[in-house]
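These notes are about the structure you will find just below.
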Amino acid sequence: MGRTLAEKVWEQHVVRRAEGEPDLLYIDLHLIHEVTSPQAFDGLRMAGRTVRRPDLTIATEDHNVPTLLGPITDPVSKTQVETLRKNCAEFGVRLHPMGDAGQGVVHIIGPQFGLTQPGMTIVCGDSHTSTHGAFGGIAFGIGTSEVEHVLATQTLPAYRPKTMAIEVSGELPPGVTAKDLILAIIAKIGTGGGQGYIVEYRGEAIRKLSMEGRMTICNMSIEAGARAGMIAPDETTFAYLQGRPHAPTGEQWDAAVEYWKSLVTDSDAVFDTVVEIDASTLTPFVTWGTNPGQGAPLGTAVPAPEETNDPAAARRALEYMGLTPGTPLREVEVDTVFVGSCTNGRLEDLRAAAEVLRGRSVVTRTLIVPGSMLVKLQAEQEGLHEVFKAAGAEWREAGCSMCLGMNPDTLAPGERSASTSNRNFEGRQGKGGRTHLVSPAVAAATAVTGKLTAPADLA
Amino acid sequence: MEAFTAHTGRAVPLRRSNVDTDQIIPAVWLKQVSRTGFEKGLFSAWREDPDFVLNQPAYQGASILVSGPDFGTGSSREHAVWALQQYGFRVVIAARFGDIFRNNSTKMGLLPVVLPAETVEALQSAVEADPALEVTVDLGERRVRWGAESAGFEIDDYTRWRLMEGLDDIGLTLRNADDVTAYENGRQPWLPTTV
């Protein structure tokens with residue numbers, strides 16, 4: 001019987017397999033940031049251990065960093081960032097600190113450097129590590145104990161998850177993006193739908209996505225509960241990678257591409273579960289509740305709790321969100337718009353927002369936060385920052401920013417945002433803040449009208 | 001890691017689904033670089049409500065959390081596990097867990113117990129009827145017992161053994177360091193390094 005993509009990549013990385021034990025899996029790339037690593041480095045020190053492969057480890061500062069120029073003013077954040085610097089110096093790990101041209105959100109910099117390649121295993125103490133699966137590897141988030149384990153051994157003991165195919169047929173209609181698609185998928189299968197699975201996204205609509213769109217899809221696999229999401233590599237993947245700083249060159253490039261082409265699910269392979277969705281029926285999608293599965297097409301209304309699959313949770317969510325069933329989603333008024341994050345902080349996302357904002361003005365507080373310093377530079381080379389500034393939006397430095405509000409970019413209690421990030425949990429963007437997850441295009445259109453809006457609605 | 005064989009204690013019913021790790025420990029608490037002091041941040045937003053179940057006198061000192069489904073979804077923050085443990089919990093019972101949270105729990109010796117949703121609800125109801133009810137979670141027998149009731153749960157043999165022995169995963173892996181070296185010698189030559 002044939003094998004799925006996930007099975008092929010997994011098998012390639014099994015260091016040790018023993019009856020009744022989890023597989024010991026080799027890790028090709030370990031990404032580090034300041035929030036989930038300090039206690040892991042402490043653990044190494046206490047046990048007198050070293051980092052086994054600093055050359056397969058890379059660190060960046062992203063979660064805490066301010067997006068306005070200047071030093072970190074919060075002393076606790078400052079200590080955390082300084083701790084990362086000390087740990088990286090002590091253990092020989094390469095770090096991209098604030099101000100460095102390579103600094104950025106951990107899941108943006110891996111792909112942009114060409115460190116994220118097909119067939120690799122990639123981990124990070126961050127659940128959105130699933131992003132890297134867009135290149136056809138197995139990438140997943142881990143906790144601090146596992147960060148320490150990978151630092152010490154470059155391996156992880158793990159049971160192979162089950163496999164799920166999400167088959168996306170048809171083509172996304174104009175104005176409907178990867179973000180709308182993944183929000184629709186999560187609404188369909190639920191926040192627990194992917195638990196215990198590695199998801200492979202397949203089908204015509206997926207093949208037609210750019211690498212950046214594919215990263216948006218895989219990024220939010222965790223919001224469907226999946227351990228990882230992946231997409232088979234193809235010419236789009238190879239074209240994206242070629243010429244990047246850490247991509248192979250010459251004969252090694254040819255050998256790599258030949259291998260990468262084998263990283264597809266065999267035609268006779270069987271998935272444990274298959275989910276089908278027709279992309280051609282989709283429209284812009286937004287969330288109305290406090291988990292990413294509580295979403296609906298923008299053209300609909302706030303649902304009545306009884307119409308949902310978890311009425312108690314919906315009732316609680318609507319109360320928190322300050323929404324009344326039956327209110328058209330297009331009439332929901334927003335105070336703040338955030339464009340950024342590892343979900344939608346890449347160049348294409350900024351282009352999509354700029355296209356809507358060109359020649360228009362925003363009526364909300366609007367933060368545009370590039371995912372990395374390189375994305376910022378590229379956007380400025382294209383003049384996107386001028387478009388944003390002319391529209392009245394704020395053009396910021398790179399970081400995680402308002403996705404989780406560990407830096408000063410937060411919502412005040414009761415404030416409502418349209419956000420291109422990945423989580424609408426209670427208090428995620430600031431205590432008492434209310435979040436609607438949207439695509440960059442919808443975020444930008446919303447900034448123009450002050451209500452949840454699609455670009456097509458604008459005159 | 002402290003070994004876990006069996007635990008008897010009082011339980012607290014948390015009748016909410018999708019208890020994400022941002023609720024268990026909000027991001028503002030993640031700036032600490034130590035492993036201690038997270039109990040103050042546990043459910044800190046929800047605990048501001050005097051009616052929240054953890055604030056009710058009847059449930060003070062409970063060590064088993066009985067939650068709605070999809071507990072620990074979202075962020076990979078292991079701080080959620082530390083916060084629960086430091087507050088005094090040894091066990092979380094739910095019908096479904098976020099994968100990363102569940103993994104993190106077993107690394108730290110906080111036992112995640114999966115029971116069918118209707119069994120979880122029955123246990124919640126029993127605890128609500130009698131908050132002093134003693135609940136026993138027996139990892140050796142893979143069984144939860146309360147009053148005259150009991151329910152079996154599944155956990156793989158390896159994780160159960162590791163928890164019952166209180167073994168450090170890194171130490172176990174380092175026993176196989178030669179396998180790791182052998183694997184490294186055969187890695188594909190084009191794979192990137194960060195230097």
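The table below gives the values:
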item	result
All positions within segment A:122-171 that are among the charged types (D, E, K, R) and either part of a strand (DSSP E or B) or under 13 Å from the mean Cα position of the chain (by Cα) (or both)	A:ASP126, A:LYS162, A:GLU167
Out of A:ILE186, A:ILE206, sole residue that is within 12 Å of chain B (Cβ to nearest Cβ) and of a type in the set (Val, Ile, Thr)	A:ILE186
Selected residue (only one of B:SER34, B:SER76 is assigned to a loop (DSSP other than H, G, I, E, B), surrounded by fewer than 24 Cβ atoms within 10 Å (Cβ to Cβ) and within 11 Å of another protein chain (Cβ to nearest Cβ))	B:SER34
Every residue from segment A:111-128 that is open to solvent by less than 10 Å² (accessible area, probe 1.4 Å), closer than 22 Å to B:ARG77 by Cβ and out of contact with any Phe, Trp or Tyr (no Cβ under 9 Å at 6 or more places or on another chain)	A:GLY125, A:HIS128
Selection from segment A:311-335 of residues that are without any contact (Cβ under 8 Å) to a residue 24 or more places away in the chain and either part of a loop (DSSP other than H, G, I, E, B) or of a type in the set (Val, Ile, Thr) (or both)	A:THR324
Matching entry among A:GLU171, A:GLU200 (being in contact (Cβ under 8 Å) with a residue 40 or more places away in the chain, within 25 Å of B:PHE97 (Cα to Cα), among the acidic types (Asp, Glu) and away from chain B (no Cβ under 13 Å))	A:GLU200
Any hit, segment A:336-343, residues being in a loop (DSSP other than H, G, I, E, B) and either open to solvent by 50 Å² or more (accessible area, probe 1.4 Å) or in contact (Cβ under 8 Å) with a residue 60 or more places away in the chain (or both)	yes
Residue in segment A:234-247 that is more than 11 Å from every other protein chain (Cβ to nearest Cβ), charged (D, E, K, R), surrounded by fewer than 21 Cβ atoms within 10 Å (Cβ to Cβ) and in a loop (DSSP other than H, G, I, E, B) present	yes
Residues that are facing chain B (nearest Cβ under 9 Å) and not hydroxyl-bearing (Ser, Thr, Tyr), drawn from segment A:85-130	A:VAL93, A:ARG94, A:PHE113, A:GLY114, A:LEU115, A:GLN117, A:GLY119, A:MET120, A:CYS124, A:GLY125, A:ASP126, A:HIS128
Subset of segment A:251-281 (residues that are open to solvent by less than 50 Å² (accessible area, probe 1.4 Å) and either assigned to a helix (DSSP H, G or I) or at pLDDT below 95 (or both))	A:TRP253, A:ALA255, A:ALA256, A:VAL257, A:TYR259, A:TRP260, A:ALA279
Any hit, segment A:56-68, residues being of a type in the set (D, E, K, R) and more than 12 Å from chain B (Cβ to nearest Cβ)	yes
Hits in segment A:190-210 (condition: surrounded by fewer than 21 Cβ atoms within 10 Å (Cβ to Cβ) and part of a helix (DSSP H, G or I))	A:GLU204, A:ARG207
Complete set of residues in segment B:81-101 that are open to solvent by less than 10 Å² (accessible area, probe 1.4 Å) and within 9 Å of another protein chain (Cβ to nearest Cβ)	B:VAL81, B:TRP82, B:PHE97, B:GLY98, B:ILE100, B:PHE101
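The values are calculated or read from the model by the stated rules, or taken from the named source; none is laboratory data. Just so it is clear, the model here is predicted, and its values are computed rather than measured. Because the Cβ atoms are built from the backbone with ideal geometry, glycine has one as well, and the counts that use them run over all protein chains shown. Side chains included, ligands, DNA and RNA excluded: accessible areas come from the protein's heavy atoms. Shrake-Rupley method; radii C 1.70, N 1.55, O 1.52, S 1.80 Å.
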